[in-house]
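This report refers to the structure that appears directly beneath it.
The values are calculated or read from the model by the stated rules, or taken from the named source; none is laboratory data. It should be emphasised that the depicted structure is a prediction, and the values quoted were computed from it without experimental measurement. Note that we place each Cβ from the backbone using ideal geometry, even for glycine, and neighbour counts take in every protein chain shown. Just so you know, the surface numbers come from the protein's heavy atoms only, side chains and all, with ligands and any DNA or RNA stripped out. Shrake-Rupley method; radii C 1.70, N 1.55, O 1.52, S 1.80 Å.
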Amino acid sequence: MPLISTTPMLEQAKREKYGIVAFNVHSLDSIYWVLEAAAEMKSPVILQTTVGTVKSLGAENIVKVATAAADFYQVPTGLHLDHCTDDEVIKKAIRAGYTSVMIDASKHPFAENVQQTKQVMDLAASLGVNVEAELGKVGGVEEEIVVSEKDAQKAVPEECKEFVALTGVPTLAPAIGTAHGIYKGEPNIDFDRIEEISKLVDIPLVLHGGSAVPEEDVRKCVALGMSKVNVSTELKNAYSVAIREHFAAQPNSLDPRAYLQTAKEAAKEMVISKIKIVGSEGRISPLAIK
């Protein structure tokens, strides 16, 4: 099964009011255990990588492994480049076989954001590659992109409508009060803003900063039209903590097959729990794999 564009996956999710989780993967082995969990849940899934992961592992290597894993597990799988500000990295990912890319020009004024997004759309749309853009500024840290709490800005609904009309972008990540990383307190999600944006734009919306958001809040976001839910920190932490706990309990157990299996099972539990929350379990269908 080849990697597929996330556009039809997310459009179906929006129509049927469920979500699809985009899991950040940071190693080649993590691609396999995310898809293994998705296969068990019979759920479509999106693998996503940061620019740092692309530089570390290589876009071509990531695509080859993701394609092999999607074929092995027979899971409808999209491959997304997250939060990229560099046109050259976007081009490299598309040439390698990524099926979705995010141009993050949210730090720029509205007109510049529109221009940069249109440039990526001109490149990607003819190839069937999904494009994601951001309006407002999601707080927190996403590798090299750091947005302080005071600089975080929520998206303006009318600007979202104008932005989609001007760019034709098929997915939009509006800042609605979430943040990248683990929250110090309860996230303050602006559900009224999500609802208003959803009424003005007829495309799937993306929830950034999905780690550690309460289950009921994620479900409400999905019901309001946020069809893609990004999860990174929670998944990475589950994997790493399991390894740390393994060595704390068995300091002389140095066989990678032992501690990596422990980490894999912890991460798979996290993947399964997120899939259940967004309602994509059992959603594999012929439409999803076109």
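Values as computed for the structure displayed
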quantity	calculated
5 Å binning of all Cα-Cα separations within the range 228-290, expressed as whole percents from 0 upward	4, 16, 21, 17, 13, 11, 9, 6, 2, 1
Equivalent-ellipsoid semi-axes of the chain, from the Cα gyration tensor, Å, largest first	29, 21, 19
Rounded percent of accessible protein surface that carbon and sulfur make up, the chain, 1.4 Å probe	52 percent
Helix-only CD estimate at 222 nm, as mean residue ellipticity for the chain, using -39500 (n - 2.57) per DSSP H run (n ≥ 4)	-15500 deg cm²/dmol
The chain: antiparallel DSSP beta bridges as a percent of all, rounded to 5	10 percent
The range 1-133: Rg to Rh, with Rh as the Kirkwood radius over Cα pairs	0.97
Helix runs (DSSP H) in the chain reaching 18 Å along axis by Cα, Kyte-Doolittle at least 0.5	28-41, 59-73
E234 accessible area, 1.4 Å probe, all protein chains in place, Å² to nearest 10	40 Å²
Cβ charges +1 (Lys, Arg) and -1 (Asp, Glu), total dipole of the chain, debye	560 debye
Where D87, D192, D217 fall by accessible area, highest first, once all protein chains stay in place (1.4 Å)	D192, D87, D217
Whole-angstrom gap from the range 204-259 to the range 23-75, using each part's C-alpha centre	15 Å
